[in-house]
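**Q** Structure below; questions to follow.
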């Protein structure tokens, strides 16, 4: 019984301490917030065969009066690789967030999410999605 209690306390000590995420440690002050407009919030890619790699992008336009800065971006699965500008986007300028989606092992309906942490109002982040169907690869008959 005491062994179980020790394991529980150790687990609580390791995982129970709150940690600041990258977005929390570099979140901008409310003095430098801007507004943005996305060309779409969901990339509808239709039907692709399992194993195919989808390359596409989202476009973001800084519609505010201050520079727009992406501080961090992450996808809900390791099947999606993101490339985004590291330098501020000036008011009126448009930038591309490139995505690379690997459909290997993702047969069926799929909707990975992407979170862009930034200095946009009102939420300091934007949420984007990929949406489509991955058809299983046909196995050769023997």
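FYI, it's all coordinate maths here, none of it is from the lab. Treat the numbers as computed from the prediction; the structure is a model and nothing was measured. Quick reminder, even Gly has a Cβ in these numbers, built from the backbone with ideal geometry, and neighbours come from all protein chains shown.
**Q** Semi-axes, largest first, in whole Å: what does sqrt of 5 times each Cα gyration tensor eigenvalue give for the range 52-137?
**A** On the way: eigenvalues 158, 28, 20 Å².
After diagonalising the Cα gyration tensor, the semi-axes are 28, 12, 10 Å.
**Q** Once label points are set 7 Å from the Cα along Cα→Cβ at both residue 31 and residue 104, what is their separation, rounded to one decimal in nm?
**A** If labels sit at residue 31 and residue 104, their model points lie 4.9 nm apart.
**Q** When only Cα pairs under 8 Å and 6 or more residues apart are kept, what is the percent relative contact order across the range 52-137? Mind dumping the intermediate values first?
**A** On the way: 182 pairs, mean separation 27.9, N = 86.
Relative contact order for the range 52-137 comes out at 32 percent.
**Q** Determine the gain in length on full extension of the stretch residue 94-residue 139; use 0.36 nm per residue of separation and subtract their C-alpha separation, reporting nm with one decimal. Don't jump to the answer; show the numbers that get you there.
**A** On the way: separation 45, 0.36 × 45 = 16.20 nm, distance 4.35 nm.
That works out to 11.8 nm of additional length.
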